[in-house]
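*Asks:* Structure provided below as C-alpha cells; questions to follow.
The values are calculated or read from the model by the stated rules, or taken from the named source; none is laboratory data. Computed from a predicted model, the values in this text were never measured in an experiment. No Cβ is skipped: glycine too gets one built from the backbone with ideal geometry, and neighbour counts run over all protein chains shown.
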Amino acid sequence: MAELMATLPLAARGRFGLVTLIRAATLVLLWALWEGAARSGLFYAGALPSSFTIAAAALDLFVMPAFYYNLGVTVLEVAAAMAIGVASGISVGLALGASRFAGKAFEPYLQYLAPAPKIIFLPVFMVMFGIGPGSKVAIGALSCFFPMVLSVIAGVRQVDPVLLRVGRSFQLSLAQTVAKIYLPALLPPIATGLRLGLGVAIIGTLLSEIKMSNRGLGFLIMQDYGRFDIAEMYAVLAVIFVLVTLANGVIARCLRMKGRG
C-alpha cells in the first residue's frame, strides 16, 4: 500500500487519504449510532441488541454445523440461479439487441415485467418444481434474468457498427462475431448485469426460503425470529451482507482483470 501511495502524485495521495478517512469515519459513526440506539431504551429489550452481543452470536454461529449446512444450501441455490439467469439473460439480450425487429416486438414486455416483484411467481414455481430447491432456484434465476438481459440489450446497441462491418468483411460466423466483437464490447454491461443480478438473485432466493423452506439461510433467519433469538438473526444477516460484498468485489476484480487482459 505504501509503495502504491508513493507512485501517486501529491494531490492524488491527499484525495486518496481523505476518501479513506471519510469512509472510516462513516463506519465509526454508523457503529456509534447503532450502539446509541441499542442502549437508549427506545426499543423493546432484545429487539435491537448491541453490536458486541451480535458479534458474540456470530462467533457462536461459526461453530454450529447447522449454520454451514444452511449456508451451503443457499450458496448452491444462488449459484444455480445465477448460472441460469446470466446465461439466459446474455443469450436473449444478444438476440434482441442485434435484431431491431425482435427488439421492438419483445423488449416492451421485458421493460414492463422487470420492476414487478418476482416473489409473486413463487406459488407458480412451487406447483411446477415443488417446495424444494427447484422453486428457490427458479425465483433467483428469474430475478437475475431481467437486469442481465436489459443491460446486454443496451450494450449490444452501443457496439460500434464499424466493428460489425469489419467482421462481415472477414466473413465471420455468428459464433465468431459474438465471441470476437460482441462479448469483448459487452464487458461493462455484463458487469453491471452481474452485480445487479447477484443482489436480486440472493433476495429472491432468501425470500423464497423465508416463505417456504426447511433449510437455507432464510429458514435459519425465520427460525431465529420464531424463538426470538434476535442477536443470532442479526448475525446471520451480517454474514449475508459480508458475503454479498465479497462476491461483488470478486466479480468486479475478475472483470477488471479480464478487461486488462
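*Asks:* Being charged (D, E, K, R) and more than 20 Å from the chain's Cα centre (by Cα) is the filter here, so list the residues in the range 93-148 that pass it.
*Replies:* Looking only at the range 93-148, we keep the residues that are charged (D, E, K, R), and these are 100, 104, 107, 118, 136.
Arg100, Lys104, Glu107, listed by residue number.
*Asks:* Condition first: among the aliphatic types (A, V, I, L, M), closer than 16 Å to Leu237 by Cα and surrounded by 18 or more Cβ atoms within 10 Å (Cβ to Cβ). Can you find one or more residues in the range 38-47 that meet it? Quick ask: steps written out before the conclusion?
*Replies:* Of the residues in the range 38-47, the ones among the aliphatic types (A, V, I, L, M) are 38, 42, 45, 47.
Now restrict to residues that are closer than 16 Å to Leu237 by Cα: 47.
Add one more test, that the residue is surrounded by 18 or more Cβ atoms within 10 Å (Cβ to Cβ), and what stays is none.
Checking the range 38-47: not a single residue is among the aliphatic types (A, V, I, L, M), closer than 16 Å to Leu237 by Cα and surrounded by 18 or more Cβ atoms within 10 Å (Cβ to Cβ).
*Asks:* Right, something else. Looking only at the range 203-239, which residues are surrounded by fewer than 18 Cβ atoms within 10 Å (Cβ to Cβ), in a helix (DSSP H, G or I) and free of Cβ contacts under 8 Å to residues at least 40 places away in the same chain?
*Replies:* Ile210, Met222, Gln223, Tyr225, Gly226, Leu237
*Asks:* Among the candidates Ala252, Ala235, Ala231, which residue alone is in contact with a Leu (Cβ under 7 Å, 6 or more places away or on another chain) and of a type in the set (Gly, Ala, Ser)?
*Replies:* Values: Ala252 fails: in contact with a Leu (Cβ under 7 Å, 6 or more places away or on another chain); Ala231 fails: in contact with a Leu (Cβ under 7 Å, 6 or more places away or on another chain).
Going through Ala252, Ala235, Ala231 in turn, just one is in contact with a Leu (Cβ under 7 Å, 6 or more places away or on another chain) and of a type in the set (Gly, Ala, Ser): Ala235.
*Asks:* In the range 183-202, how many are closer than 20 Å to Ile131 by Cα and surrounded by fewer than 18 Cβ atoms within 10 Å (Cβ to Cβ)?
*Replies:* The qualifying residues number 0.
*Asks:* Given the conditions (1) in contact with an Asp or Glu (Cβ under 8 Å, 6 or more places away or on another chain); (2) in contact (Cβ under 8 Å) with a residue 24 or more places away in the chain, and given that Met82 satisfies all but one, which numbered condition is not satisfied?
*Replies:* Exception for Met82: condition (1).
*Asks:* Another question, then. Among the listed residues Leu163, Leu172, Leu150, Leu196, identify the single one that is outside any helix (DSSP H, G or I) and either at pLDDT below 80 or among the hydrophobic types (A, V, I, L, M, F, W, C) (or both). Steps first, please.
*Replies:* On the way: Leu163 fails: outside any helix (DSSP H, G or I); Leu150 fails: outside any helix (DSSP H, G or I); Leu196 fails: outside any helix (DSSP H, G or I).
Exactly one of Leu163, Leu172, Leu150, Leu196 is outside any helix (DSSP H, G or I) and either at pLDDT below 80 or among the hydrophobic types (A, V, I, L, M, F, W, C) (or both), namely Leu172.
*Asks:* Let me ask something additional. Hey, Leu172 hits all of (1) over 19 Å from Ala201 (Cβ atoms); (2) loosely packed, with under 13 Cβ neighbours inside 10 Å but one; which does it fall short on?
*Replies:* (2)
*Asks:* Could you please let me know if Tyr182 is part of a helix (DSSP H, G or I), more than 30 Å from Ser51 (Cα to Cα) and among the hydroxyl-bearing types (Ser, Thr, Tyr)?
*Replies:* Values: part of a helix (DSSP H, G or I): yes; more than 30 Å from Ser51 (Cα to Cα): yes; among the hydroxyl-bearing types (Ser, Thr, Tyr): yes.
Judged against the criteria, Tyr182 is a match.
*Asks:* Starting from the range 92-108, take each residue that is crowded, with 16+ Cβ neighbours inside 10 Å and list its partners that are not in a helix (DSSP H, G or I), counting only C-beta distances under 7 angstrom and pairs at least six apart or across chains.
*Replies:* Listed pairs, sorted by first residue: Gly97/Arg157.
*Asks:* Give the residue, chosen from Ala81, Ala87, that is modelled with pLDDT of 90 or more, surrounded by fewer than 16 Cβ atoms within 10 Å (Cβ to Cβ) and either within 30 Å of Leu217 (Cβ to Cβ) or of a type in the set (Val, Ile, Thr) (or both).
*Replies:* Working: Ala81 fails: surrounded by fewer than 16 Cβ atoms within 10 Å (Cβ to Cβ).
Only one candidate passes the filter, namely Ala87.
*Asks:* While we're looking at this one, here's another question. Starting from the range 168-190, take each residue that is basic (Lys, Arg) and list its partners that are surrounded by fewer than 15 Cβ atoms within 10 Å (Cβ to Cβ), counting only C-beta distances under 6 angstrom and pairs at least six apart or across chains.
*Replies:* So the pair list comes out empty.
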